[in-house]
1. Among the candidates B:Val334, B:Val338, single out the residue that is of a type in the set (Val, Ile, Thr), at pLDDT 95 or above and not assigned by TED's automatic domain parsing to the domain that holds B:Leu251.
2. Among (1) over 22 Å from the mean Cα position of the chain (by Cα); (2) facing chain A (nearest Cβ under 10 Å); (3) at pLDDT below 95, which single condition is B:Thr225 missing?
3. Out of A:Ser101, A:Ser86, A:Ser82, which single residue is within 30 Å of A:Val212 (Cβ to Cβ), free of Cβ contacts under 8 Å to residues at least 60 places away in the same chain and not aliphatic (A, V, I, L, M)?
4. Please pick out the residue among B:Val274, B:Val290, B:Val302, B:Val241 that is within 14 Å of chain A (Cβ to nearest Cβ) and either in contact with a Gly (Cβ under 9 Å, 6 or more places away or on another chain) or assigned to a strand (DSSP E or B) (or both).
5. Residues that are over 19 Å from A:Asn161 (Cβ atoms) and assigned to a loop (DSSP other than H, G, I, E, B): does region A:65-74 have at least one?
6. When the residues of region A:348-368 are narrowed to those that are facing chain B (nearest Cβ under 9 Å) and of a type outside the set (Val, Ile, Thr), which ends up farthest from B:Asp432 (Cα to Cα)?
7. Could you please give the count of residues in region A:146-168 that are over 15 Å from B:Gly157 (Cα atoms) and either without any contact (Cβ under 8 Å) to a residue 40 or more places away in the chain or more than 11 Å from every other protein chain (Cβ to nearest Cβ) (or both)?
8. Might you check whether a residue that is in a loop (DSSP other than H, G, I, E, B), crowded, with 24+ Cβ neighbours inside 10 Å and not hydroxyl-bearing (Ser, Thr, Tyr) occurs anywhere in region B:359-368?
Amino acid sequence: MLARATADGHTVRLLGGGTKYSWGATGPESPIELCTGRLARIVEHNAGDLTAVLEAGVRLSDAQERFATAGQMLALDPPFASAGSSEAAATIGGIVATGDSGPLRHRYGAPRDLVLGMTVALSDGTISQSGGKVIKNVAGYDLAKLFAGSFGTLGLILSVNVRLHPKPAGNATALGAGEDPETVAAAARSLAAAPLELDALDIAWRAGRGGVLARCAGADPLKRAQRAAQLLRDAGLRDVEATSEDDALWERQRAGQRSSEGALVRVSARPSTLADVLRAAALCDGTVVGRAALGVSYVEVAPDSVQRLLGELPEGARGVLLDAPAQVRSAIDPWGVQEGPALELMRQIKTRFDPAGTCNPRVFVGGI
Amino acid sequence: MSASTLVSRLEALCGEEYVLTHPHALATYGSDGLAQYHQTPLAVARPATAEQVQAVVRACFEAGVPWVARGAGTGLSGGALPVAEGVLIALSRLRRIIAVDLDDGAVVVEPGVTNLAISRAVSPTHFYPPDPSSQVVCSIGGNVAENSGGAHCFKYGFTTNYVIGLEVVLSDGTVVELDRDAPGYDLLGAFVGSEGTLGVATRIKLRVVPVPESVRTLVAFFEDTSAAGDAVTAIVSAGIVPGAIEMMDRLSIKAAEQATHAGYRLDAGAALIVELDGPEEECTARFEHVMTLCSEAGARDVRVAQSDAERALIWKTRKAAFAAMGRIAPAYYVQDGVIPRTRLSEVLGRIDELATEYGLRVANVFHAGDGNLHPLVCYDAAREGEPERAEELAGLIVKACVEAGGSITGEHGVGVDKKRYMPEMFSEPDLDAFQRLRCAFDPHGLANPGKVMPTPRLCGEVPGPYREHPLERAGVAERF
């Protein structure tokens, strides 16, 4: 279909579950939508090797249910992907193509870190594989990383080979609160530097009050969460506790990565500037959830506060607009990428992989 | 530009004493860690700064001369093999640690810094996990080029999981900043592991992590590799992710023991090193479990390191295995195939059959957690035909790995040595997609040509009149 569209001079819009359809720049209307919905097979689950091969249209929640039968998981927990949820429409192809992730990114990384190999269809109809099905492999170029987060602009992901991890038997979370952004950020920093092997380390900020959440898994998670809690107390946080009943806490963190009414900006900044990001959000009456040790924050503000937020961010921080009403989206470049050699190189890559510009035209950085 | 003009220019850029052209001096750089390949470059340039690297690359571009970047030269795939009539850019003078920022959990270094020096720079609270056996001497620039692994990557991941920023000089001399979290294509992810064919990194920002609170190490001895493999399966199936899990077979135990006298059992068919690290209570609970699982799998003897010195000796023996092989054979080929871990017994059996058929000895040392085998095919170059037979056998072992659903290389890279096996793993359309990436970065094919891809190929021209490519003129490549 891609080859046919290219030959006919048409563009194609690619999609999976459609949960992130509006992200990126608003491209021109495409006459063709190519949906991966029927590519929904779990092709392999090699429990003994901790690997799996998934077609792009597999819902992550369905795959997780399958992996759980072997006590395993794909360590990705973005929104719209929780097992058992009726809203869990996010497909593995869409998650990889947008590079979406959740709190587990703290320990396990983003999709690019968990994808071992990939099969893609290019716009001239070429089907090409890269990587492999084993955990360790350095043969050939790592095109899977290039396609992860490429928003479908290089071609269509047909299937991905992923690495799995043991699913923890239990979890426990330490949490604490504070009103001063610097105190909250410093508490998160002290946990990031502690040898606790946290599965997740998040911050939250809502209505003038912030919190730190640290999730432990493994042999005795509650005991470790209590150690984490002590560090939070030492750092000056209040209302500190450790709990094994923590699923709702993390579901709420995930929910904070989306906005249905307002605007949502994903901010990348040096972890040491977290307090400044919280202050910037507070100035704009925003709410924040984020990965404290990675410097990735999701800030929700009113649609008319997006520009102000971007202006208040600390030096070196970058904001990408994800969710937003159409009028906000059309008024600004959601990517905010400056012209320069890196963008020029990206254009070269687009030209080499999709010379006719068939796939998802103009949704990506710099009009790619 | 003539060759002598280029050399003069390089001398002006780097200083005369840092451009080598004398045959004796060039001979030092003729090979990397894989000594069977040797090539004499036109010149070796030893720049001292990122700016000098950029200037050298630009001079090569303007002269239409290919170049190869080299770190410490410890690579085992011939990835840093010079190109005849090309320039070798040695990065060993770029060895500054530019910034250590533990609040960000990050360090910024130049490419010539050794792997171990990074962990030292952030100790005692933090460390840099990827730890190739050559970590004392290998350079981080080389690690980035090869996406190096090491014993601890089953749990901690590879170089690519730790690089968060790069300053790269492209083959036309353009400097590009690549940032892991920058919006846009993951150029950083594409660059790491590209074996010096997309450009040269002049500054590297890495993530470092807290030193684990507790480390427990054991070595268990088994009747054979199959029993040790069963223990690995049992450990992984129990949901345990060891910091490291390494296996040595009878022959490699023998060689390494002669080198280190660590007290490894010479009557054992396999030694399994298991190291758990992490929070104290987690480590203790899991370690008991691992000991039980080893015993259940038939371990004859399980020794637990009681001190840091004992742990160091266990590791010294493992890491000495390659070098120690010289004690039992004059020469060897090392392979780096990967298999799905569950196929271990079957593939090792196949290797045994092949070794018998070829009348050669094959020692095995491997990262058991991730199925990365390092079969060492022993041979004696003095015996007629034996090097060729060894090479053929090594090739069949690689094929056996691919047939089992694995890879031709887990951490050593393709370089020149394994490029002929690339078609075993990748079809023509796959290779074509690789070439698209390479052409986006290096349309003139000047950065480390002749590596990775099985056959030399050129990039389609950007529209314009046909011009003969420098590599065509030199007879290195032809146009498809």
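The values are calculated or read from the model by the stated rules, or taken from the named source; none is laboratory data. Not measured: the values here are computed from a predicted model. Every residue, glycine as well, gets a Cβ built from its backbone with ideal geometry; the counts of neighbours run over all protein chains shown.
1. Within the list B:Val334, B:Val338, the selection yields B:Val338.
2. With (1) over 22 Å from the mean Cα position of the chain (by Cα); (2) facing chain A (nearest Cβ under 10 Å); (3) at pLDDT below 95 applied to B:Thr225, the lone miss is (2).
3. Exactly one residue qualifies, and that residue is A:Ser101.
4. One residue alone meets the criteria, B:Val241.
5. yes
6. Going through the qualifying residues, I end up with A:Gly366.
7. Residues flagged as over 15 Å from B:Gly157 (Cα atoms) and either without any contact (Cβ under 8 Å) to a residue 40 or more places away in the chain or more than 11 Å from every other protein chain (Cβ to nearest Cβ) (or both) within region A:146-168 amount to 6.
8. Yes: one or more hits.
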